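Working notes for the structure below.
FYI, it's all coordinate maths here, none of it is from the lab. The structure presented is a predicted model; accordingly, all values stated were derived computationally and were not measured. Positions of Cβ are generated from backbone atoms using ideal geometry, with glycine treated the same way; all protein chains shown enter the neighbour counts.
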Amino acid sequence: MDAEQQQQQRKQEKANEAAGVMGRTIEITKPEPQLEHEKRNAAAADKDKDKDKDVENSMVKRRHATSNLEAATHLFKGSVGAGLFAMGDCFKNGGLIGSTIMLPIIAIMCVHCERLLIRGSLLAVSKTPGATFYDYPETVEKCFEYGPKPLRCMSRAMKLIVEMFLCVTQFGFCAIYFVFITENLYQVLHQNGIDISMSMVMLITLLPAMIPSLMTNLKYISPVSLLANFALLFGLIATLSIAFSEGPMPSIHDRQWFTGGSQLSLFFGTALFSYEGIALILPLRNSMKEPEKFSSRFGVLNITMLFITALFIFTGFVSYLRWGDQVEGSITLNLNVEEVLSQVVKIVAALGVFFGYPIQFFVMIKILWPPVKRANSCAQKYPITMQVALRFVMIMMTFGVALVVPQLNLFISLIGALCSTSLAFVIPILIDFVTRAQVPKGLGTLIYLKNFAILTVALLGIVTGTYQSIVEIIREFK
């Protein structure tokens, strides 16, 4: 009897446990219709949130994105500066026919290497979670970081090298701008009876250039860029108009068709200096509404570079044909300073370059300031004061370099041969090698031959152009 009661008690306890479990299950599990209804509501709410985010993102993109025309305008502004007025000297060193043939070849090489840079940047972004855009130095760093194992340790060093070349290039641009402004104003002042030295004229231009360059916000500087473009365009058109109006053009047989040796080295440096927009390629592409149209066959890059190259060839051909071996480092210096129109052209061209100085200077400070701030506790405590102090020091340094430069054209060739060639040709080719080395059969025979051909041309240009520019500068000092 007791055994039967115990057995029935155990059965009852098991039944209660089962009922308890079922009860708890019923409490936390909702009926199927209710579950489906709540799931649909949650999905609809998520969809609405995603839709709101998409609308917000599209509004932000429309607000900040640039059109194809705007991107082309910015690329033109970044690629055309004082180098445009040096095209006469470029053709003098390359010859009429030689320069006309070689400039398009250099332009094609530049565009190809810019495409390699874009490709490397897109690959680096795709391999980095959360990344949306990399600038030139960051692209180089990431490409080496994701490259073959023996090269990964070089990623930081390659970024520093690119930053150094960019900084030296921008520093050279700023110093060249000082020389360009000074030489043009010096001629005008002397013609009007103001007998002061070239150094004093440069000192006079220092204060107006310093004031906007000390500003730490780009929005206060960028409006002068439009004035710079109009002034440069007016100066170029007026200069070429005067060149055509000075009588019949000399025969092309009176000018050198081809050159070689030292002159060809100087041509290469000046030509590479003139294509100075490599640092703008990635930011411009990233800022577009339709980035894929930047580097398409008939996209912004190809069309703009075609126009710039045609402008360079026309300016250089006409300038060298008119003034021959007497053509100056800036063709505005060849204008007859006794004529009022020529004086106006010199002043306007000088103003155009002057307005471009703060923009070029801003790019240099953008590279220099972050590491200075990280390494200096005082800069972290007083960022505005220390940045203004850094700007003042760098302005005085560009002024000092410009003060000792004997010839504008030689300095242009030196910067172009040493830094512009490395940025435009060597680094993009290295990026291509590193990224393709990770892909099976990515480095085929044609890729090797093409890349080595470009590297050979670039290294020859760097070595011979830098050497010849330094030799000529030393000769001028003597």
*What does the charge count near residue 324 come to, summing +1 for each Lys or Arg and -1 for each Asp or Glu among other residues with Cβ under 12 Å from its Cβ?*
-1
*Against the globular-protein guess of 2.2 N^0.38 Å, express the Cα radius of gyration of segment 269-339 as a ratio, rounded to two decimals.*
1.51
*For segment 122-162 and segment 455-478, what is the separation of their C-alpha centers, rounded to whole Å?*
31 Å
_Suppose the chain between residue 375 and residue 191 were pulled fully straight at 0.36 nm per residue; how much longer would it get relative to their current alpha carbon spacing?_
61.2 nm
*Fully extended, how many nm does the chain gain between residue 455 and residue 160 (0.36 nm per residue separation, minus their Cα-Cα distance)?*
104.1 nm
*asked:* Regarding segment 301-372, what's the average projected area of the Cα-atom convex hull, expressed in nm²?
replied: 7.5 nm²
*For every other residue with a beta carbon closer than 13 angstrom to the beta carbon of residue 303, add +1 if it is Lys or Arg and -1 if Asp or Glu, then tell me the sum.*
+2
